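Here is the structure we will look at.
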Amino acid sequence: NCRIIFGGAQSSAKLIEYDFIDSVILAEGEESFADFLLSDVNQKIYDKQRMSNLDIPSPYTTGLFDKLLEDNPTALWSMTFETNRGCPYACTFCDWGGTTYSKVRKFDIDRITADLEWAIGKPVSYVFCADANFGIFKERDLEIAKILKRVADQCAIETINLQYAKNSTELVFEIAQILGEYSRGV
């Protein structure tokens, strides 16, 4: 007795062929999911223009998770963050570039820093970066790796999982060295 809605970078309209899926959202979630719920919940496929501005409120720094953490004081948490959206590649095994039109847009570095620093003092043990190609922006991503390491050194983070850039092996190794014991493979 619930609606099952799929969405995200790997979703496609073909998913609607599965009987257990009620709807598929083919757009970024921050605006489209709310629009979907407020407009036509019986819609099978929901598609919307890609967001042109990533200056959107952070669920971490706006306090969205505060009560959840407070109500579950013994739980360890996983944290997902993004530094950019999009992918310039057209890999046959992935549709990330197809759904984001291959243009990579960046989140503001101050927002990224604030999101990561949010974990300090919180029971966050695992951090997952949802970027398609961490390391694609050399200087910026090296700076973010240093921020990750600094934050992890100050809190409960044990593991940092990055989805590395496909074509920059030397940079990927440099980032992994910065993260040290927190890095989980290249």
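The values are calculated or read from the model by the stated rules, or taken from the named source; none is laboratory data. Model, not experiment: these values are computed from the prediction. Note: ideal-geometry Cβ built from the backbone for every residue, glycine included; neighbour counts use all protein chains shown. Just the protein is used for accessible areas: all its heavy atoms, side chains included, with ligands, DNA and RNA removed. Shrake-Rupley method; radii C 1.70, N 1.55, O 1.52, S 1.80 Å.
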Response to the item:
Calculated from DSSP helices alone, with each H run of at least 4 adding -39500 (n - 2.57) and the total divided by the residues of the chain, [θ]222 nm to the nearest 500 comes to -9000 deg cm²/dmol
Discussion item. Under the 0.36 nm per residue contour assumption, what length would be gained going from the current alpha-carbon distance of Ala90 and Phe65 to full extension?
Written reply: 5.5 nm
Practice prompt. Just add up the charged neighbours of Lys122: K/R +1, D/E -1, any other residue whose Cβ is under 11 Å from the Cβ of Lys122.
Written response: -3
Item to complete: Give me the number: length gained by fully extending Lys103 to Arg50, i.e. 0.36 nm times residue separation minus the C-alpha to C-alpha distance, one decimal in nm.
Response: 18.0 nm
Response to the item:
Any residue on another chain or 5+ positions along whose placed amide H is under 5 Å from the amide H of Phe128 is listed here as Met79, Thr80, Phe81, Asn161
Worksheet entry | Derived scalar couplings ³J(HN,Hα) [the stretch 150-155; Karplus, 6.51 cos²θ - 1.76 cosθ + 1.60; whole Hz; x for Gly, Pro] | 4, 5, 4, 5, 9, 8
Discussion item. If I fit a long axis through the Cα atoms of helix 109-118 and take the longest principal axis of the Cα atoms of the chain, what angle between them do I get, 0 to 90°, rounded to 10?
Written reply: 80 degrees
Discussion item. Assuming 0.36 nm per residue, please report the length gained on full extension of the stretch Trp77 to Ile21 beyond their Cα-Cα distance.
Written reply: 17.4 nm
Worksheet item: So what does Leu68 come to for accessible area, using a 1.4 Å probe and Å² rounded to 10?
Response: 80 Å²
Worksheet, complete the sentence: Diffusion coefficient in µm²/s returned for the stretch 1-68 by Stokes-Einstein, Kirkwood Rh over C-alpha pairs, 37 °C and 0.692 mPa s, is 246 µm²/s
Item to complete: Determine the distance separating the Cα centre of the stretch 99-161 from the Cα centre of the stretch 13-45; give it in Å without decimals.
Response: 28 Å
Worksheet entry | Accessible area expressed per residue, the stretch 99-186, with surrounding protein chains retained (probe 1.4 Å, Å²) | 48 Å²
Worksheet item: What residues have an amide H closer than 5 Å to that of Ile21, excluding those fewer than 5 places away on the same chain, when H is modeled at 1.01 Å from N in the peptide plane?
Response: none
Fill in: Total lysine pairs whose alpha carbons fall under 25 Å of each other in the stretch 28-186 (8 or more apart, or interchain)
16
